[in-house]
Amino acid sequence: MVHADRGRNAIRDRARAARPDELRNIPWLDALSATERRRTEVALVVGEAEPGDLVCRIGGSPTYWFGVVEGLLKMSNDNADGTSMTYSGLPPGGWFGEGTAMKREPYRYNIQALRRSVVAGLPIDDFHWLLDHSIGFNRFVMNQLNERLGQFIAAREADRQNNPDVRVARNLAALFNPVLFPGVGELLRITQQELAYLIGLSRQRVNEALRTLEAQGMIQVEYGGLRVLDLAALRSSALAPNSISPTSLPQDKKQ
């Protein structure tokens, strides 16, 4: 159920049927009719990805539509100079690649596990069957595409500003998106080093930005994660660099 040289066989060998608790963490199943859901639950499989495993790779042909049940993945691309550009983090509840699955075209990005993760896969033929038969599923996919478009527009605007604090705010707002990542809730389990990998900044610079955002009451840094306190303010600050001022910074907190 993967399309990468590294990790492909390992994840496929670990693939199994989804447990009831894992099925409860797949948000779009509730949009299906009873008949559609029974058929889909039989088709769904899950597998464990180890840190560094590629779930999808550039140029690979899609055979599954994927989602994150547990853990953290990242979506990235390779530049001509050998560097990597990260498009998005993918926390629990996030399903991705619906555009690629719909068009059955090769992947234009890599999906890599940042930590041990549980990944669910729906065979692409079953994905298309739901598109042909389920109104509820179509609504879910349309909402996904619309929300992701807005996310990438916001990312483009934040990158143009070249402000590290804005980049951190934008990435956090994206990871706390309740439509794309309903499994996150108010507490995102992520380390500052993982966040630094996603944003492309040093851990120290990310820590400074987090303390600034925390001082302004948008987030709370907790052991092993970040809690959102004001998502609307976090989203606004991601597009308004002047709204983030490095004042009254609290003391560092361990993760």
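Quick notes on this one:
- Residue check for ALA17: at pLDDT 95 or above, farther than 24 Å from GLY185 by Cα and not β-branched (Val, Ile, Thr): no
- Number of the exception - ARG24 against (1) at positive phi; (2) open to solvent by 40 Å² or more (accessible area, probe 1.4 Å); (3) at pLDDT below 95: (1)
- Within the range 121-144, tally of residues that are under 18 Å from ALA43 (Cα atoms) and either aromatic (Phe, Trp, Tyr) or out of contact with any helix residue (DSSP H, G or I) (no Cβ under 7 Å at 6 or more places or on another chain) (or both): 7
- Candidate set from the range 76-95 (those that are hydrophobic (A, V, I, L, M, F, W, C) and modelled with pLDDT of 95 or more); member that is nearest to ARG16 (Cα to Cα): TRP95
- Subset of the range 46-80 (residues that are open to solvent by 30 Å² or more (accessible area, probe 1.4 Å) and either in contact with a Pro (Cβ under 8 Å, 6 or more places away or on another chain) or outside any strand (DSSP E or B) (or both)): GLU50, PRO51, ARG57, ILE58, GLY59, SER61, THR63, TYR64, GLU70, ASN79, ALA80
- Residue check, TRP28 in a strand (DSSP E or B) and in contact with a helix residue (DSSP H, G or I) (Cβ under 8 Å, 6 or more places away or on another chain): no
- The range 115-129 - residue that is part of a strand (DSSP E or B) and more than 12 Å from PRO91 (Cα to Cα) and, of those, most open to solvent (accessible area, probe 1.4 Å): PRO123
- Test result for ARG139, open to solvent by 20 Å² or more (accessible area, probe 1.4 Å), modelled with pLDDT of 90 or more, within 29 Å of ARG24 (Cα to Cα) and more than 17 Å from the chain's Cα centre (by Cα): yes
- Residues that are within 27 Å of ASN25 (Cβ to Cβ), touching a residue at least 12 places away in the same chain (Cβ under 8 Å) and in a loop (DSSP other than H, G, I, E, B), drawn from the range 179-208: VAL179, LEU180, PHE181, PRO182, GLY183, VAL184, GLU186, ARG189, ILE190, THR191
- Single condition GLN112 does not satisfy, out of (1) in contact with a Lys or Arg (Cβ under 8 Å, 6 or more places away or on another chain); (2) open to solvent by less than 40 Å² (accessible area, probe 1.4 Å): (2)
- Per-region count, the range 81-109, residues open to solvent by 70 Å² or more (accessible area, probe 1.4 Å) and assigned to a helix (DSSP H, G or I): 2
- Filtered residues of the range 218-232 (kept if open to solvent by less than 10 Å² (accessible area, probe 1.4 Å) and among the aromatic types (Phe, Trp, Tyr)): none
- Scanning the range 178-215 for residues that are open to solvent by 10 Å² or more (accessible area, probe 1.4 Å), on the phi < 0 side of the Ramachandran plot and touching a Ser or Thr at 6+ places or on another chain (Cβ under 7 Å) returns a single hit, ALA215.
- Residue check, THR86 under 28 Å from GLU186 (Cβ atoms) and either of a type in the set (S, T, N, Q) or in contact (Cβ under 8 Å) with a residue 24 or more places away in the chain (or both): yes
- Of the residues in the range 152-166, at least one is over 18 Å from ALA31 (Cα atoms), open to solvent by less than 20 Å² (accessible area, probe 1.4 Å) and touching a strand residue (DSSP E or B) at 6+ places or on another chain (Cβ under 9 Å).
The values are calculated or read from the model by the stated rules, or taken from the named source; none is laboratory data. These figures come from a predicted structure and were not determined experimentally. A quick note on method: Cβ atoms are made from the backbone with ideal geometry, for glycine too, and the neighbour counts reach across all protein chains shown. Only protein heavy atoms, including side chains, enter the accessible area calculation; ligands, DNA and RNA are left aside. Shrake-Rupley method; radii C 1.70, N 1.55, O 1.52, S 1.80 Å.
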